[in-house]
Amino acid sequence: MNLETVKQEIEANVPGCAVDMVLNGSPSAQHSLLVDAAHGFAVAQFLRDGAAVRMDYCSNVTGIDWPVKEISTKVKTKKMVDGVEKDVDEVVKTQSGGYLEVVYHLYSVAEREGPVIVRMRTEDRAAGVHLPSLTPLWRSAEYQEREVFDLYGVMFDGHPDLRRLLMWEGFEDFPMRRDYVDPDDYEYEPTAHDEVLQRTREHWSAEDCK
Amino acid sequence: MSVLTDTTADLLGSGAEDRSGGQLLEISMGPQHPSTHGVFRMDVTLDGEKVVKLKPVFGYLHRNHEKIAEKESYLGCMPYTDRLDYFCSITNNWAYALAVESLAGIKVPERAEYLRVITGELTRLQNHASLVGFLMQDMGASGTPLMYAFREREKILDLFEALTGARMMCNYMRFGGCRVDAPAGWMQQAQKVVDAFPRFLDEFERMLVSNEILMARTQGVGVVTTAQAVNAGFSGPMARASGVNYDLRKVDKYGIYERFAFRVPLGDHGDVYDRYMLRVLEMRESVEILKQAMRDIPAGPIMDPGTKIRGFRPKAGEAYGRIEAPKGELGFYLVSDGSGNPYRFRVRPPSLINLTLLEDMCIGQNVADIVIILGSVDIVLGEVDR
Amino acid sequence: MLGEGILKGLTETARNFFGSYVDDERLTTVQYPEERLEQIEATRDFPFLVYDGEDWEKGMRCVSCQICEKECPPKCISIEKSKDKKPDATGKAQFYPAKFDIDISVCMSCQICVEVCPFDAIKMDVVYELSTEDRFGGLLLNKEQLSKSNEYYNKIHPTEAGAVDAALAAEREKARQAAAAKAAEAKPAATAVVGAAAVERDGTK
Amino acid sequence: MNGSVRMAGTADQIFVLVKQWLMGYVPGALQPLASAVLSVVPVLLVFPLLFAITTVLERKGLGRIQNRYGPNRAGFFGILQPMADGIKSLTKEDIIPRSADHLVHLLAPLLLVVASFLVYAVLPIGRNMVIANLNAGVLFFFAIGSMVELAVFMAGWSSRSKYSLLGAMRAIAQMISYEMPLVLSAVVVIMAAGSLSTVTIVTMQATYTGIWPHWYVFTPWGLMGFVLFMIAATAESNRSPFDLPEGESEIIAGYYIEYSGFKFALFFLGEYLGMFATSAMAITLFLGGWAAPFSFLTWIPSYIWFFVKLLALIMAFIWVRGTLPRLRMDQLMNFAWKFMLPMSLVNILCAGVWHFMAAGFVRWVVVAVLVAGTCYLLSQRLKRGKRVAVRTYRFAS
């Protein structure tokens, strides 16, 4: 099934939702649909139950962290310099990222179709990390959404049991975020070198390292 | 008498009440328990011997595999995948290689594809054999079937050692092919093992399939319906035991699986007995695939010459590659930002997702059933906790 | 009839009980310290450094390029590059590792160092009785402990080592010819001496 | 001929004669005490030794069933393994959980071992070789045998662990349920022998028609009684497939999970002694006790026959353990109440019919049909309730 038709189907059946195609530049050509968080649940419900799509199998749920990244691109612009038109390189700084993304890989067992890849993005990486949970639709998302919450800190609204999955209760940070800092609890390693050695030295006294 | 009542109150702990107004027994199975197949824990609430609540607790073997992989090169990630499901390192390699190949558009030479099928199906044989043995062990068969399974597994591990150099952590595949070609005489040796394997299956079936105790213990226990199985993301033998006709070797036809004639067995009841029998039947089909693959394997190169193993930098993009691993659908989701290490490296662990319905399967069953239901799911904690 | 399957099972275990006395296929256990399995050629466990000739310090193939250190997934290799150059087995001046440590308690035997080494200097060993009472020092192997001769390599992995030796010999022959040609251009008289020296060195290998 | 018969008789009675000879040196006042000591001490020595041998046999037998060697390092072929195990358990730390009831925790293994030893008082090990020939020997055996339950429950309760409690609950339920078929299946023998004395029961079986002995197992009701008795005995001694109270894969070790060191070894000893005792009782009741299986083999001393039979039963226990998976609690109870109990009651009826019919072929056929028919009907009912069947599988097209 063509992703373009899926997109049209969604737009026709879920009023008011914003669906964007996210193109994939790699040879895998697995393009995906970016759905706005407000209509995420409705879109997912349509994808599961809609007669034309019937994505009854949610295979994979993943989080991706996109911290704010400044991209500097050189743009050639024509500028009037001293009355003469000249090509001038100008550095344009754009910001990308700054959100957490959740990716769902949907397949259809009945129709043997797929994957339809659905992405949802949070507003930011601090307070606005709420997304609708799709666990009520696909039970398979239960543990995977818990894992995404655990490792990335995405709050899934409507999840029946949103607790940490792999880290322990009371752990505070979200280890899979790109800006996560390892705790200072390095143990002595005999071949510690480079950065590890440095951190080991900082953590342990000189006698311990001996 | 006060001593006794104190003890009761202390033991029973929770405030919840059973049908007759007594207290329920809360019990922690694991993380050190002989039958949780690793460091897995279940907080079980019991009414007598009946399970009323069960909450699995994960993470005792968590090492954040995905974070480690983000710091490694694409090549450096390969040996780490061995350690996910340490029973089937070769299929893990395969799934990862498939994802990278899809990400970078690499073609795999013919002979390498055949070697992948052969080693992959051998992996399936040894995984299913030992799983069926473990299931019997959980049922209290004092290890006899397990030892027979391990006896056969040993022969397959010897094959792996002769081919890849290691028995369990094979680190065999590379994106674009396989690391080494089969040495002289390996195919004959493998042929011998494969030809002898059905004898073991016959022995197994004679010994256990019609055993009344086994049937009484497993039939009607831990039932999952077809709809539930699909919705809960079950894959592999777990899904097929519930009647879901979904075998990625047939659906995705990855590699060269469309060239082989094999059947996909399906269960009608979705209980522990079906899951157990399905694995036995799948082993027979795997033997068929192996025979065909060994007959047809061509000569030729085993690595795509255009692929650079070291300093591999795929274009920015993403890919999801999945295969039918012995435990179910093993997928790798890779996001590349064009650098030498993956921006995001995600493992879709079949063991973890097949555990989704553990509580639903166990509620209303006995304590003894928890163990065999968990055993029938076929988990490896290296993969569940990653 | 109730009990039929149980009886079938009992006959099967009885068959195995007696079979284990007569059938080697059924009793696969090896009585380890006395009996040992035959070495499988492809077996690998921990890396070692190959040297040519008699003296491990002189003949070490490693030129301290540090690729293996960079590629090692668990980062168990630690190399310090030398400041000076020393002649290697072929007589060419090369850097050498001033320090080369492998922590085999960290190593996961993945063989990536072997795959990436452009000089065939690091290979996989097959020794497995490595238990030691010293948890840290005992498992941290230094340059001397890691060095094993090319003969040893030929013994444990004959097929692989044969191919490596052939490739190396071809490469050295090419280098020698190139050098000879160069020398012939510059100083025709010296050719014979250089060639003889090269032959002698190859002979020691 | 006469001489060899006398020789065989002397060999048979050698221990009895030695005891009488020793008693000759004991002053009259001490005679009862000395007699008791001389009878009891050999039993206290021989059966723990048998326990040691059995552990090796079991481990080696299981090993061979599972295609491996089993213990073969300590001593020649591993025969010193029990010594090593004994030393190990003696030198291990004896852990008592802090919250446990210390006194009961200590008493439980002792009670188990004492109770297990007590039942040997009425077991005839050979001709004229029994510690106490009680009139109600069989009754004494079962009465003391049920003390084991108390010990198990003490262990499970006092450990103050949830797994122990579950194990103890299972043990009590199982042992009480199976005690009934155990006793009822013994009743047929008591009916036939007309006596509760174990010595009388054996003596009645030690006669021959031609070369064939008159063991009770060679009658239809006797065979059924023997099978029922052995199944119940397996359950009573917590052996596979009825080892639920231990259930190492479910509740780890059940009631003795919190025991370590020598107390654990005592539990082990008690359990094996219980197994020997019930096996010995099965031999006494159904397999002719110390009687030789053929009349021409009576020259072999009686105690040797007893131990040969005992070892054969132990082997059977090991064989079953190496083969069968464990039952579930509810299935176990179903089996006890829906199959074992009715079957043993019907068996008593059959034994009655046997006694009221004239000896001959007709009696054999009638009773055999009665026993087999009931057995078949009950097993069908048991099967139907669970809808258990071998299945066939379909393949995706």
Filtered residues of region B:242-278 (kept if crowded, with 21+ Cβ neighbours inside 10 Å and β-branched (Val, Ile, Thr)):
B:Val244, B:Val272
How do the pairs read when you match residues in region D:244-263 that are surrounded by fewer than 20 Cβ atoms within 10 Å (Cβ to Cβ) with residues anywhere that are of a type in the set (A, V, I, L, M, F, W, C), using Cβ under 9 Å and keeping only pairs 6 or more apart or on different chains?
D:Ala253/D:Phe264; D:Ser260/D:Ile95; D:Ser260/D:Ile96; D:Gly261/D:Leu90; D:Gly261/D:Ile95; D:Phe262/D:Leu90
Out of everything in region A:98-110 that is within 12 Å of another protein chain (Cβ to nearest Cβ) and of a type in the set (Gly, Ala, Ser), what residue ends up being surrounded by the fewest Cβ atoms within 10 Å (Cβ to Cβ)?
A:Ala110
Only residues that are open to solvent by less than 60 Å² (accessible area, probe 1.4 Å) and more than 9 Å from every other protein chain (Cβ to nearest Cβ): list them for region B:58-73, please.
B:His65, B:Ala69
Which numbered condition trips up A:Val88, out of (1) assigned to a strand (DSSP E or B); (2) modelled with pLDDT under 85; (3) within 28 Å of the chain's Cα centre (by Cα)?
(3)
Residues of region B:31-52 being closer than 23 Å to B:Ser130 by Cβ and either among the polar types (S, T, N, Q) or open to solvent by 10 Å² or more (accessible area, probe 1.4 Å) (or both), in sequence order, are B:Pro31, B:Gln32, B:His33, B:Pro34, B:Ser35, B:Thr36, B:His37, B:Gly38, B:Val39, B:Arg41
Residues in region B:296-320 that are within 11 Å of another protein chain (Cβ to nearest Cβ) and more than 19 Å from B:Ala95 (Cα to Cα): how many?
4
Give me the pairs: first residue in region A:8-26 and within 30 Å of B:Pro342 (Cα to Cα) and away from every other protein chain (no Cβ under 14 Å), second residue open to solvent by 60 Å² or more (accessible area, probe 1.4 Å) and not hydroxyl-bearing (Ser, Thr, Tyr), beta-carbon distance under 7 Å, and six or more apart or on different chains, which are they?
A:Val19/A:Glu11
Looking at D:Gly360, D:Gly322 in this structure, which one is more than 30 Å from B:Lys250 (Cα to Cα), open to solvent by 20 Å² or more (accessible area, probe 1.4 Å) and among the small types (Gly, Ala, Ser)?
D:Gly360
All but one of (1) surrounded by fewer than 24 Cβ atoms within 10 Å (Cβ to Cβ); (2) more than 23 Å from the chain's Cα centre (by Cα); (3) within 14 Å of chain A (Cβ to nearest Cβ) hold for B:Glu110; state the number of the condition that does not hold.
(3)
Counting just the residues of region C:71-89 that are of a type in the set (Asp, Glu) and in a loop (DSSP other than H, G, I, E, B), which one comes out nearest to C:Ala179 (Cα to Cα)?
C:Asp88
Would you tally the residues in region C:3-27 being buried (at least 17 other Cβ atoms within 10 Å of the Cβ) and assigned to a loop (DSSP other than H, G, I, E, B)?
2
Working only within region B:247-275, note down all residues that are touching a Ser or Thr at 6+ places or on another chain (Cβ under 7 Å) and either closer than 15 Å to B:Gly328 by Cβ or not acidic (Asp, Glu) (or both).
B:Gly267, B:Gly270, B:Val272, B:Tyr273, B:Arg275
Filtered residues of region B:340-362 (kept if in a loop (DSSP other than H, G, I, E, B), within 13 Å of chain A (Cβ to nearest Cβ) and over 19 Å from B:Gly270 (Cβ atoms))
B:Asn341, B:Pro342, B:Tyr343, B:Pro349
Take region A:38-81 and flag every residue that is within 11 Å of another protein chain (Cβ to nearest Cβ), part of a strand (DSSP E or B) and open to solvent by 50 Å² or more (accessible area, probe 1.4 Å).
A:Trp66, A:Lys69
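This table checks each residue for (1) within 13 Å of chain A (Cβ to nearest Cβ); (2) surrounded by fewer than 24 Cβ atoms within 10 Å (Cβ to Cβ).
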position: B:Gly328; (1), (2): yes, no
position: B:Leu334; (1), (2): yes, no
position: B:Gly364; (1), (2): no, yes
position: B:Ile370; (1), (2): no, no
Counting only residues that are closer than 27 Å to B:Lys308 by Cβ, more than 14 Å from chain B (Cβ to nearest Cβ) and crowded, with 20+ Cβ neighbours inside 10 Å, region C:65-113 contains a total of 5
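Condition check ((1) within 16 Å of A:Ser26 (Cβ to Cβ); (2) assigned to a strand (DSSP E or B); (3) open to solvent by less than 10 Å² (accessible area, probe 1.4 Å); (4) among the aromatic types (Phe, Trp, Tyr)) across all residues:
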| residue | (1), (2), (3), (4) |
| --- | --- |
| B:Arg284 | no, no, no, no |
| B:Leu290 | no, no, yes, no |
| B:Met294 | no, no, no, no |
| B:Ala299 | no, no, no, no |
| B:Pro305 | no, no, no, no |
| B:Gly311 | no, no, no, no |
| B:Lys315 | yes, no, no, no |
| B:Glu318 | yes, yes, no, no |
| B:Gly321 | yes, yes, yes, no |
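For region B:140-190: of the residues being of a type in the set (Phe, Trp, Tyr) and assigned to a helix (DSSP H, G or I), which is farthest from D:Ile318 (Cα to Cα)?
Looking only at region B:140-190, we keep the residues that are of a type in the set (Phe, Trp, Tyr), and these are B:148, B:150, B:160, B:172, B:175, B:186.
Checking the rest, the ones that are also assigned to a helix (DSSP H, G or I) come to B:148, B:150, B:160, B:186.
On the way: B:Tyr148: 18, B:Phe150: 21, B:Phe160: 36, B:Trp186: 40 Å.
Going through the qualifying residues, I end up with B:Trp186.
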Assuming D:Ala173 fulfils every condition listed in (1) of a type in the set (Gly, Ala, Ser); (2) crowded, with 20+ Cβ neighbours inside 10 Å; (3) modelled with pLDDT of 85 or more apart from one, which condition is it?
(2)
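Among the residues of region B:75-82, are any assigned to a helix (DSSP H, G or I), modelled with pLDDT of 85 or more, closer than 18 Å to B:Ile379 by Cβ and open to solvent by less than 10 Å² (accessible area, probe 1.4 Å)?
Step one: of region B:75-82, the residues assigned to a helix (DSSP H, G or I) are B:75-82.
Now restrict to residues that are modelled with pLDDT of 85 or more: B:75-82.
Still in the running and closer than 18 Å to B:Ile379 by Cβ: B:81-82.
Add one more test, that the residue is open to solvent by less than 10 Å² (accessible area, probe 1.4 Å), and what stays is B:81-82.
For region B:75-82, residues assigned to a helix (DSSP H, G or I), modelled with pLDDT of 85 or more, closer than 18 Å to B:Ile379 by Cβ and open to solvent by less than 10 Å² (accessible area, probe 1.4 Å): present.
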I'm checking my understanding of the structure. Among residues of region C:115-126 that are closer than 16 Å to C:Cys76 by Cβ and within 10 Å of another protein chain (Cβ to nearest Cβ), which one is surrounded by the most Cβ atoms within 10 Å (Cβ to Cβ)?
C:Met124
So the helices (runs of 4 or more DSSP H) completely within region D:46-160 holding 3 or more residues that are within 14 Å of chain B (Cβ to nearest Cβ) are D:102-118, D:147-158
For residues that are within 11 Å of another protein chain (Cβ to nearest Cβ) and open to solvent by 10 Å² or more (accessible area, probe 1.4 Å), scanning just region A:111-134, find the one that is farthest from A:Asn24 (Cα to Cα).
A:Glu111
Name the residues in region B:41-62 that are over 29 Å from B:Asp85 (Cβ atoms) and part of a loop (DSSP other than H, G, I, E, B), would you?
B:Gly48, B:Glu49
Being open to solvent by 20 Å² or more (accessible area, probe 1.4 Å) and either under 19 Å from B:Glu282 (Cα atoms) or touching a Ser or Thr at 6+ places or on another chain (Cβ under 7 Å) (or both) is the requirement here; does B:Arg167 meet it?
no
What about B:Ile68, is it of a type in the set (Val, Ile, Thr) and either in a loop (DSSP other than H, G, I, E, B) or closer than 17 Å to B:Phe332 by Cα (or both)?
yes
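The values are calculated or read from the model by the stated rules, or taken from the named source; none is laboratory data. Fair warning: this is a prediction, and the values are worked out from it, not measured in the lab. Backbone-built Cβ (ideal geometry, glycine too); neighbour counts: all protein chains shown. In case anyone asks, the SASA skips ligands and DNA or RNA and just uses the protein heavy atoms, side chains included. Shrake-Rupley method; radii C 1.70, N 1.55, O 1.52, S 1.80 Å.
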